[in-house]
Amino acid sequence: KPTPIPTSTCPYPRDKDFVDREVMKDVEARCHSGSRLALAGIGGIGKSQIAIEFTHRVRQASPHTWVFWVDAKDVGSIELSFRKIAKAVKIQGLDEKGADILSLVRDWLADEINGPWVMVIDSADDTSVFTDPVNNNSQAGTPNDRSSPAQLREYLTISQNGSVLITSTNKEAAQTLTGNCAHHIKVEEMNESEALALLKSKLDERIMFTDDEAKQLVKAAEYMPLAISQTAGHISMAYPKFNLAQAIEKLNDPDQDATRFLEKEISESNRDSRRNNSVVKSWHSTFQYIRYKHSSAARLLSLMCLFDRQAIPEVLLAGQYKEERLDRSRVRKSKHTVNHMAPVKDKYSAFRDDWRVLNNLMLIKTSPDGETFHMHRLIQHTTKRWLEINGEMAAWSTKFVSVIMRCFPSKPELDNTALCLFLFPHAQQVTRYRPTEQAAVQRWASLVYNIAQFAHYVGINSTSERLGRIAAECFEATLGQDHEITLQCVSDLGTALNRLRRYAEAEPMFRRIWECRVAVLGPDHDETLQSLYSLRSNLNSQKKWVESDRIANQIIEASERRYGPTHHETQTCLNGLIVGYMMVQRYESAEKLCRRVCRIQKEELGAESTANYQNMQKLAMFLVLQGKATEAERLLLEVLKVWEVKFSPYHSETIQCVNLLGEALTQQGKLEEAAKCCRRVVDIFEDLNGTLKHEALLSLLNLA
């Protein structure tokens, strides 16, 4: 028979909208005669599109080169692809009864007389397809002429005439076919310019959008080619009822709206009709494969997707998807390094096996130190959606909450701050998984409140307010509005609102707390007085001076009734009120209270007591702040004489007194005397510690 003219069995036409990517240069450089190269990446990343474009470039550049396409989804698909190759090259004996097609094609590929060829093995995702024995009609031609069944991978010839390009979502399968991970190209998300080019090529010409909207959309689609193509298809078909801004909103929705949107399939000419044309459904197929082949790894993925998607720690995962308890001490140590923990062989070896499955399928990324993991945002949302569809979300969310509940400290303190910070991003996710059972709701609310308290402790006020509001609503529903836990939670919520300068929202909360505590504890109880302090601080922030002063008098009267006017608790109360006045710059009111404290403590402790001189210095400060410099100078000179005897020149009381005296002198125009005071502090600047250097810098400023 005449020698057939080289052709291509690739079933897909060239995509005129193909966007040239950086990875294409790598493929063209490395896919040469005698090579086996694998494109590895998650579904929807564009591996097959790259392979299709590559085959057309090969044919264009070298018409004498054969191009063969093998659909490697399963054994049947491979055998069918080999039969198409056999027909294309007109292999003799093809139509004979019992013909061993795999062996015939293998032998043809190995024969260099047949000329150069390129083979694409597409969708080589399941390792077992290539490693399970092949039930061939005839074993006579199996490799090495052995009697035992051959594996399919043995029919894939290595020849100096040909090159093999593999696409796979499974690094293990790619390794099985290439034999060397160095021959893998990991296909990542597109860069921004590639993603924008793809979006514009897929959008209908009549659609109006800005460059900023296009950039936001490809970012929201995580630069995933299939997700971008899907989104562009939806917009093109529904425009103007559905535009880029609405698509961006859907893709950025944290409550699974993105995955529901991306479940809808949009057909593409260069995508196999048997495949999912939805990135979500494509990944669901991967999850089904994991569940069928590696059920333990599927459980790990089910738990992992409920954490924050970044820096998911191994210590919170190992053993937790197999009904084993988590040792909090291990988590505490893990803020330094997981390697310092005593290994629990069964738990951690099982985890490593499951991690290897997810890592090979590229559903997760691992940090360089191997301790934490990262999930692609759309993969995380898709996994959650998968749990919803399969009715498993409730069970796994309960498991996730229990893991966090056992680990997160009940009260933020200095010695557990590192642990709380380590857990904080993941702990916040529990708000998404409120249980339905009443008893569980209260435990869940306590956990949310603990997390809110930590946010308050480290000054993350917006998070503290959001979590505190959720906890307060739950406590009100389960414990009642007047329960002490509810009141404490509402108080912390009011404080968070104060910090956010949302004073009007916080005021009714503080009023309610005070009224409840008056009714339950009485008007003079410490908790009741603390409630009044909070309410007064809030009113001060709103400049409601009249009511604030009335409450201040209530606090003083209550403290005097309970402790007496000279008791230290009453004095502490007065000093607290003074600080409150100073914070809102009501210096005259602060001065009046300060004079009252001076008088009481002078009578109680004596004129020569340290406390008396400290009060005099504080009074002088309020006088300076009001421009009453003459009296302030007199008081400060008297205090400074005592401090010079009692303390060193480097003591904070001495330096603060000198600073205030310099300001009082400046206000009176006594600049030479003021400069001497300033120089006195500036000259010892280098000898001061960090805290006192601040005071010295004030002196330097005043001197200038």
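The values are calculated or read from the model by the stated rules, or taken from the named source; none is laboratory data. Only a predicted model underlies this, so the values are computations on that prediction, with no experimental measurement involved. Quick reminder, even Gly has a Cβ in these numbers, built from the backbone with ideal geometry, and neighbours come from all protein chains shown.
Here is a list of conditions, (1) among the aliphatic types (A, V, I, L, M); (2) modelled with pLDDT of 90 or more; (3) not assigned by TED's automatic domain parsing to the domain that holds Lys384, and Ile404 meets all of them except one; can you say which number that is?
Only one criterion is unmet by Ile404, namely (3).
Looking at region 147-206, which of its residues are out of contact with any Ser or Thr (no Cβ under 6 Å at 6 or more places or on another chain), outside any helix (DSSP H, G or I) and among the acidic types (Asp, Glu)?
Within region 147-206, Glu188, Glu189, Glu205 meet the criteria.
Results for (1) free of Cβ contacts under 8 Å to residues at least 60 places away in the same chain; (2) in the same structural domain as Trp66 (by TED's automatic domain parsing); (3) in contact with a Lys or Arg (Cβ under 7 Å, 6 or more places away or on another chain); (4) under 30 Å from Ile379 (Cα atoms), shown as yes or no for each residue.
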| site | (1), (2), (3), (4) |
| --- | --- |
| Gln151 | yes, yes, no, no |
| Ser159 | no, yes, no, no |
| Ser163 | no, yes, no, no |
| Leu177 | no, yes, yes, yes |
| Asn191 | no, no, no, yes |
| Glu194 | no, no, yes, yes |
| Ser201 | no, no, no, yes |
| Asp211 | yes, no, no, yes |
| Gln216 | yes, no, no, yes |
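Can you name the number of the only condition in (1) farther than 22 Å from Val315 by Cα; (2) out of contact with any Ser or Thr (no Cβ under 6 Å at 6 or more places or on another chain); (3) surrounded by fewer than 19 Cβ atoms within 10 Å (Cβ to Cβ) that Pro409 fails?
Result: Pro409 fails condition (1) only.
Across region 1-34, which residue is nearest to the chain's Cα centre (by Cα) among those that are hydroxyl-bearing (Ser, Thr, Tyr) and surrounded by 15 or more Cβ atoms within 10 Å (Cβ to Cβ)?
Tyr12
Name, by its number, the condition in (1) in contact (Cβ under 8 Å) with a residue 40 or more places away in the chain; (2) at positive phi that does not hold for Gly391.
Result: Gly391 fails condition (1) only.
Among the residues of region 389-401, is any within 20 Å of the chain's Cα centre (by Cα) and under 22 Å from Leu493 (Cβ atoms)?
For region 389-401, residues within 20 Å of the chain's Cα centre (by Cα) and under 22 Å from Leu493 (Cβ atoms): present.
Any residue that is out of contact with any Ser or Thr (no Cβ under 9 Å at 6 or more places or on another chain) and farther than 23 Å from Lys281 by Cβ - is there at least one of those in region 34-50?
The answer is no; no qualifying residue exists.
Restricting attention to region 619-664, which residues are of a type in the set (Ser, Thr, Tyr) and not in a helix (DSSP H, G or I)?
If the condition is that a residue be of a type in the set (Ser, Thr, Tyr) and not in a helix (DSSP H, G or I), then Ser648, Tyr650 are the ones that fit.
Among the residues of region 416-445, write down those that are part of a helix (DSSP H, G or I), within 29 Å of Glu371 (Cα to Cα) and touching a Ser or Thr at 6+ places or on another chain (Cβ under 8 Å).
Hits for region 416-445 are Phe422, Gln428, Arg432.
Condition check ((1) assigned by TED's automatic domain parsing to the domain that holds Asp122; (2) within 24 Å of Asn359 (Cα to Cα); (3) at pLDDT 80 or above) across all residues:
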residue	(1), (2), (3)
Glu222	no, yes, yes
Ser236	no, no, yes
Lys250	no, no, yes
Arg260	no, no, no
Asn270	no, no, no
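If you take the residues in region 153-169 that are buried (at least 21 other Cβ atoms within 10 Å of the Cβ) and over 21 Å from His32 (Cβ atoms), which one is modelled with the lowest pLDDT?
Out of the qualifying residues, it is Tyr155.
Name, by its number, the condition in (1) surrounded by 22 or more Cβ atoms within 10 Å (Cβ to Cβ); (2) touching a strand residue (DSSP E or B) at 6+ places or on another chain (Cβ under 7 Å) that does not hold for Ile52.
(2)
Only residues in region 292-305 that are in the same structural domain as Thr372 (by TED's automatic domain parsing) count as the first member; pair them with residues that are in a loop (DSSP other than H, G, I, E, B) and crowded, with 24+ Cβ neighbours inside 10 Å, Cβ under 7 angstrom, at least 6 apart or cross-chain, and list the lot.
Taking only residues 6 or more apart or on different chains, the pairs are Leu301/Leu363.
Of the residues that make up region 74-91, is at least one outside any helix (DSSP H, G or I), touching a Ser or Thr at 6+ places or on another chain (Cβ under 7 Å) and in contact (Cβ under 8 Å) with a residue 40 or more places away in the chain? Step through it out loud before you land on a result.
Just the residues of region 74-91 that are outside any helix (DSSP H, G or I), to begin with: 74, 90-91.
Within this subset, residues satisfying the condition of being touching a Ser or Thr at 6+ places or on another chain (Cβ under 7 Å) are none.
No.
Would you mention how many residues in region 559-616 are over 22 Å from Val639 (Cβ atoms), surrounded by fewer than 20 Cβ atoms within 10 Å (Cβ to Cβ) and of a type in the set (A, V, I, L, M, F, W, C)?
Number satisfying all stated conditions: 2.
Kindly indicate whether any position in region 6-17 is farther than 26 Å from Met224 by Cα and out of contact with any helix residue (DSSP H, G or I) (no Cβ under 7 Å at 6 or more places or on another chain). Don't jump to the end; show me each part of the working.
First, the residues of region 6-17 that are farther than 26 Å from Met224 by Cα: 6-9.
Those left that are additionally out of contact with any helix residue (DSSP H, G or I) (no Cβ under 7 Å at 6 or more places or on another chain): 6.
Checking region 6-17: at least one residue is farther than 26 Å from Met224 by Cα and out of contact with any helix residue (DSSP H, G or I) (no Cβ under 7 Å at 6 or more places or on another chain).
Scan region 478-501 and tell me whether some residue there is outside the structural domain of Ala455 (by TED's automatic domain parsing) and of a type in the set (Asp, Glu).
Looking through region 478-501, none of the residues is outside the structural domain of Ala455 (by TED's automatic domain parsing) and of a type in the set (Asp, Glu).
Pairs under 7 Å by beta carbon, first residue farther than 15 Å from Ile513 by Cβ in region 529-554, partner part of a helix (DSSP H, G or I) and at pLDDT below 80, six or more apart or different chains?
Asn540/Ser548; Asn540/Gly580; Ala552/Leu577
Does Gly564 meet the test of being within 30 Å of Gln601 (Cβ to Cβ) and either modelled with pLDDT under 95 or of a type outside the set (D, E, K, R) (or both)?
Considered against the rule, which asks whether it is within 30 Å of Gln601 (Cβ to Cβ) and either modelled with pLDDT under 95 or of a type outside the set (D, E, K, R) (or both), Gly564 comes out as yes.
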